[in-house]
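Heads up, the thing below is written out as structure tokens.
The values are calculated or read from the model by the stated rules, or taken from the named source; none is laboratory data. Bear in mind the structure is a predicted one, so any value in this text is a computation, not a measurement. Ideal geometry is used to build each Cβ from the backbone, glycine not excepted, and the neighbour counts take in all protein chains shown.
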Amino acid sequence: MRTIGALILSLATVVGLTVAVSRAAEEPPAAAPTMPPSEANAPATVQPPSSTVTVTPKDAAPPPSVTIIGASDAHGVLGRDVRSAADEDMGRIVDVIVERTGHVRAAVIDFGGFLGVGSRKIVVDWNALRFGKIANKKDSITLELTKAQVAAAPEYKEDMPMVVLGASGSLQPLQAVQ
């Protein structure tokens, strides 16, 4: 019940901010009246109300969409432990590789070593990871590769061509975006 209340409060806050931003975008800024010093002390005259037409700029952004994802439906993966199907420790996910189009392509795993000493980064195909039972931060992700296969993979170095290790027959070549 507490989670539902927090969810409703969050949604109301997002909707309120969206309405406020769109109203602020529609209203032109108020200009400060400037009067010569001789008119500053003169009595104010009543002006008839002028009709105003709201003009929305052509490039005004539409309000953002809002999606609510339940806490049990999605989980973060950075820092999450990775284990083999044989329950061997494979390391932890330290980065996610995306193509220029924004599609997730691979994960970088900090593999081997002890407490970060002697470890190296290996890139594995995103489709080789299984997220079946990750209900909390302590649950691990399963990798469809053996420890020996991952140990034989070349190390990942940023800004260098990378070798992506995939489960048998699942890896597709990267398509060049032009």
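Odds and ends about this structure:
- Taking the criterion of being part of a loop (DSSP other than H, G, I, E, B) and in contact (Cβ under 8 Å) with a residue 60 or more places away in the chain, the residues of the range 145-159 that qualify are Leu145, Thr146.
- Strands (runs of 3 or more DSSP E) completely within the range 29-132 that count 1 or more residues being at pLDDT 85 or above and of a type in the set (Gly, Ala, Ser): 81-84, 89-98, 104-111
- Residue in the range 113-144 that is surrounded by the most Cβ atoms within 10 Å (Cβ to Cβ), counting only those that are among the small types (Gly, Ala, Ser) and closer than 17 Å to Ala85 by Cα: Ala128
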